[in-house]
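Have a look at the structure below before the remarks.
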Amino acid sequence: MLSVVMAAVTSPLRACRGILKEIRIAKGSGYRNTLVYKHVLEQFRRNQVTGAQFCRARMDALHAARTYLCLLTSTRLHLRLHERYHAHGGDRALEQVAGLVGLRLPTQPGGKGWET
């Protein structure tokens, strides 16, 4: 899924918006006052060129922006997975662990264990 999202980021504006969205998710409502927000906007404004110009630095900046967006998105998704599967402190019961991955433990007819 992530590669599909990253492949869709073709324009600098989309890359900038994607990065700012990830910053907003990470920092909350006061994200516009952070240094990272100001730095990202400054870098995108610095590398703007007109349609008649071709600027290698602009292409390098766009590549760096796409890479940074991928890093931010991947980190957020990793943390979400980590919280889901590892955030519950302590040991879990065997039935709980099996349930996390969609499995059920086998049972004997009559509710007894494996003893004969």
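Ordered by packing density, taken as the mean number of other Cβ atoms within 10 Å over each peptide's residues, highest first, how do 76-83, 34-41 rank?
34-41, 76-83
Can you pull the accessible area of Thr75 for me, 1.4 Å probe, Å² to the nearest 10?
70
The values are calculated or read from the model by the stated rules, or taken from the named source; none is laboratory data. Quick caveat: nothing in here was measured; it's all calculated off a predicted structure. Don't worry about glycine lacking a Cβ; one is built from the backbone with ideal geometry, like all the others, and counts go over all protein chains shown. Each accessible area value is taken on the protein alone, full model and side chains, heavy atoms only, with ligands, DNA and RNA left out. Shrake-Rupley method; radii C 1.70, N 1.55, O 1.52, S 1.80 Å.
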